[in-house]
1. For the list (1) of a type in the set (A, V, I, L, M, F, W, C); (2) open to solvent by less than 60 Å² (accessible area, probe 1.4 Å); (3) modelled with pLDDT of 85 or more, I need the number of the one condition that Ala7 fails.
2. Could you run through segment 4-41 and say how many residues are outside any helix (DSSP H, G or I) and among the hydroxyl-bearing types (Ser, Thr, Tyr)?
3. State all residues of segment 17-46 that are within 22 Å of Asn5 (Cβ to Cβ) and either within 8 Å of the chain's Cα centre (by Cα) or open to solvent by less than 60 Å² (accessible area, probe 1.4 Å) (or both); if no residue qualifies, say none.
4. Six or more apart or on different chains, Cβ under 7 Å: which pairs go from a residue in segment 31-49 that's under 14 Å from Ile12 (Cβ atoms) and in contact (Cβ under 8 Å) with a residue 24 or more places away in the chain to one that's of a type outside the set (A, V, I, L, M) and open to solvent by 80 Å² or more (accessible area, probe 1.4 Å)? Could you list them?
Amino acid sequence: MAVTNAARWSEICEIQKSLLANLAGKFPQRDEQLKDLMSNWDSFKCQLESDCFARASSDTEIK
């Protein structure tokens, strides 16, 4: 299944990363956790851009 609004999700990923980076600046004690979350958003964006959702769903058949 292709994500029909992948471009918007890509934008949302960037917004989320920006918000988390801002929080990391204000809460340095949470830097590691926030960087982990930013990495997750990066991974999600990469999956969107590589269309890996379409490949994953084509491997699974609904019976």
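1. (2)
2. 1
3. Selection gives Lys17, Leu20, Met38, Asn40, Trp41, Asp42, Ser43, Phe44, Lys45, Cys46.
4. Close Cβ pairs (under 7 Å, with a partner that is of a type outside the set (A, V, I, L, M) and open to solvent by 80 Å² or more (accessible area, probe 1.4 Å)) amount to Leu48/Trp9.
The values are calculated or read from the model by the stated rules, or taken from the named source; none is laboratory data. Since we're looking at a predicted model, the values are computed, not measured. No Cβ is skipped: glycine too gets one built from the backbone with ideal geometry, and neighbour counts run over all protein chains shown. These area figures cover heavy atoms from the full protein model, side chains too; ligands, DNA and RNA do not enter into them. Shrake-Rupley method; radii C 1.70, N 1.55, O 1.52, S 1.80 Å.
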